[in-house]
Amino acid sequence: MFVTTRSLQRDPVINRIFDVLGSLNGDSTEATWVPPVDIFEDAEGLRIIAEVPGVKPEDVKISLEDNVLTIKGAKQQVAEERTERVHRYERTYGTFERSFTLPATVDASNIKASYEHGVLTVTLPKAEKAKPRQIEVEVASK
């Protein structure tokens, strides 16, 4: 069996566009990779779900300052003694950082985070005053 690899060189203009888009996204210029996230909202709050495969939970730091939630971490490359030739490295390693400006409706004191199978879920509950509520219509009697 033969393994062939192709080197795909990106146009320098395209590289600059990706650099600009990354900086507009609020990601740190020191980060070496950016984990993809999904953000959901329901009546109870917001959820930020980030894919961080291979990152140990103890290597993830979440902070909140001035209504900005920041998720930082590092994915360590395990040094292995290899007897075979390496043809290609495509997995990313190093530091990452994502920041999100939170709406005023978030109850910052009750933010929770969980990690399972390489997926980080940050739950941001809404403050009670921001949650929708039903108002009962009273029937006036004559």
On the given criteria, is Val68 in contact with a Lys or Arg (Cβ under 7 Å, 6 or more places away or on another chain) and surrounded by 12 or more Cβ atoms within 10 Å (Cβ to Cβ)?
no
Starting from region 80-92, keep only residues that are over 17 Å from Val55 (Cβ atoms) and touching a residue at least 40 places away in the same chain (Cβ under 8 Å), then list their pairs with residues that are among the hydrophobic types (A, V, I, L, M, F, W, C) and loosely packed, with under 10 Cβ neighbours inside 10 Å whose Cβ atoms are within a distance under 9 Å, requiring at least 6 positions of separation or different chains.
His87/Val3; Arg88/Val3
Considering region 93-124 alone, what residues qualify as being aliphatic (A, V, I, L, M), more than 30 Å from Gln77 (Cβ to Cβ) and in contact with a strand residue (DSSP E or B) (Cβ under 7 Å, 6 or more places away or on another chain)?
Leu102, Val106, Ala108, Ile111, Leu124
Note on region 94-120: residues loosely packed, with under 15 Cβ neighbours inside 10 Å and at negative phi are Thr95, Thr101, Pro103, Ala104, Ala108, Ser109, Asn110, Lys112, Ser114, Glu116, Val119
Taking the options Gln77, Gln134, name whichever one is in contact with a Phe, Trp or Tyr (Cβ under 6 Å, 6 or more places away or on another chain) and either exposed (fewer than 11 other Cβ atoms within 10 Å of the Cβ) or free of Cβ contacts under 8 Å to residues at least 60 places away in the same chain (or both).
Gln77
Ser141 being touching a residue at least 60 places away in the same chain (Cβ under 8 Å), farther than 17 Å from Glu58 by Cβ and either small (Gly, Ala, Ser) or in contact with a helix residue (DSSP H, G or I) (Cβ under 6 Å, 6 or more places away or on another chain) (or both)
no
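FYI, it's all coordinate maths here, none of it is from the lab. Note that the structure is predicted; figures quoted are calculated from it, not measured. Here the Cβ is made from the backbone with ideal geometry for all residues, glycine too, and neighbour counts use every protein chain on show.
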